[in-house]
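The values are calculated or read from the model by the stated rules, or taken from the named source; none is laboratory data. Here the structure is a predicted model, which means the values were calculated and not measured. Counting neighbours? That spans all protein chains shown, and the Cβs are built from the backbone with ideal geometry, glycine included.
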Amino acid sequence: MSNTILIFAKWPEAGNVKTRLAKDIGDEEALIFYRNMVQQTIRIARELEQDSELHSEVVLQFSPPEKAMHFQEWLGDDITYRPQSSGDLGERLAQGMETAFQAGSEKVLVIGTDCPKLKSEHLCQAFNVLLGKDAVIGGAKDGGYYLLGLNAPWPDVFQDIEWSTSRVFQQTTKRFKENRLQFDRLEVLRDVDTLSDLRIIQRGREPTKWGTLKVMALSLLTGISSIATGFFICRMLRIFGLLLDPLDFPLLFIGIAAVTVAGITAALRYGRVIGRGQSIAVGIGGLLWVGFAFAGIASLVY
């Protein structure tokens, strides 16, 4: 067997998988998503078993070790199961690679189960890169990677990496260069770790700089319109003498403040879905509702 695809996964248990996503959608929904992703990733890897040129062994590196029979009952017996070694993620990845090469593999890919856009074409491309390069890596939007491939064991590429941070991809490619490895990059894909990631995947398109500019422009126009409307409405009320009771002032302020809070809350919640940059843009628009409140009071007083 010349090629191996290593899939790292842990036993699906509510509250123990996709914990960041679970904070927004709940433990059970996050568990369902995780189980589906594991099955989808294995199905994609299995597609290469039918390729006569890239015929590959699919190996599930699972944890904890005592769940071996449970994994086999869940995912079937047509893939190879190996328990993950002890240690941090880097040590487990290095050991998984080492074991695969010792078993006779010439090229080894390691993939996770967080990337809904991963296709068998990415795996084929990665193996083809390894025909002429020492390594291949597919970066993730969050600064990590969804795929890494080697044509020989290089444990150094997994050492001194700040795992679960946005520096993983950068530090890994730095290790490639330090070891004088020739490598190529695959296209950048999005892992799903948060509700924001999930919404973007469901929409089928990534946030863009142009989209952020549009949201900022609309937010600014909304804020300006709100201030102008506040002046107009409150001035009209004053001209026609409809606010004669002093109690009308605090009541009006409370009403405007309620709208302001609702606007800011909606803007920030929407921003969580469309991405950090656009979240700030929409948040600015929401904060401009505060101007509406102050403009209204000012138009009544002066």
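For this structure, a couple of remarks:
- Within segment 92-122, the only residue that satisfies the criterion of being aliphatic (A, V, I, L, M) and over 20 Å from Phe158 (Cβ atoms) is Leu118.
- Among the residues making up segment 158-167, a single one is buried (at least 20 other Cβ atoms within 10 Å of the Cβ) and either among the aromatic types (Phe, Trp, Tyr) or without any contact (Cβ under 8 Å) to a residue 60 or more places away in the chain (or both): Phe158.
Results for (1) of a type in the set (A, V, I, L, M, F, W, C); (2) buried (at least 19 other Cβ atoms within 10 Å of the Cβ); (3) modelled with pLDDT of 60 or more, shown as yes or no for each residue.
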residue	(1), (2), (3)
Arg180	no, no, yes
Glu187	no, no, yes
Asp191	no, yes, yes
Arg199	no, no, yes
Glu206	no, no, yes
Thr212	no, yes, no
Met216	yes, no, no
Ser226	no, yes, no
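- Taken as a whole, the structure places Ser164 among residues that are out of contact with any Gly (no Cβ under 6 Å at 6 or more places or on another chain), outside any helix (DSSP H, G or I) and under 30 Å from Leu31 (Cα atoms).
- Checking each residue in segment 83-124 for being of a type in the set (S, T, N, Q) and touching a Gly at 6+ places or on another chain (Cβ under 9 Å) picks out Gln84, Ser85, Gln95.
- Qualifying positions in segment 30-53 - more than 25 Å from the chain's Cα centre (by Cα) and without any contact (Cβ under 8 Å) to a residue 60 or more places away in the chain: Glu49, Gln50, Ser52, Glu53
- Residue that is more than 25 Å from the chain's Cα centre (by Cα), surrounded by fewer than 16 Cβ atoms within 10 Å (Cβ to Cβ) and closer than 21 Å to Trp154 by Cα, where the choices are Ser86, Ser56: Ser86
- Of all residues in segment 13-24, those satisfying the criterion of being touching a residue at least 40 places away in the same chain (Cβ under 8 Å) and surrounded by 15 or more Cβ atoms within 10 Å (Cβ to Cβ) are Lys18, Leu21.
- Residue that is in the same structural domain as Asp88 (by TED's automatic domain parsing) and in a strand (DSSP E or B), where the choices are Ala14, Ala9: Ala9
- Within segment 107-131, the residues that satisfy the criterion of being in a loop (DSSP other than H, G, I, E, B) and touching a residue at least 40 places away in the same chain (Cβ under 8 Å) are Gly112, Thr113, Asp114, Cys115, Pro116, Lys117, Leu118, Lys119.
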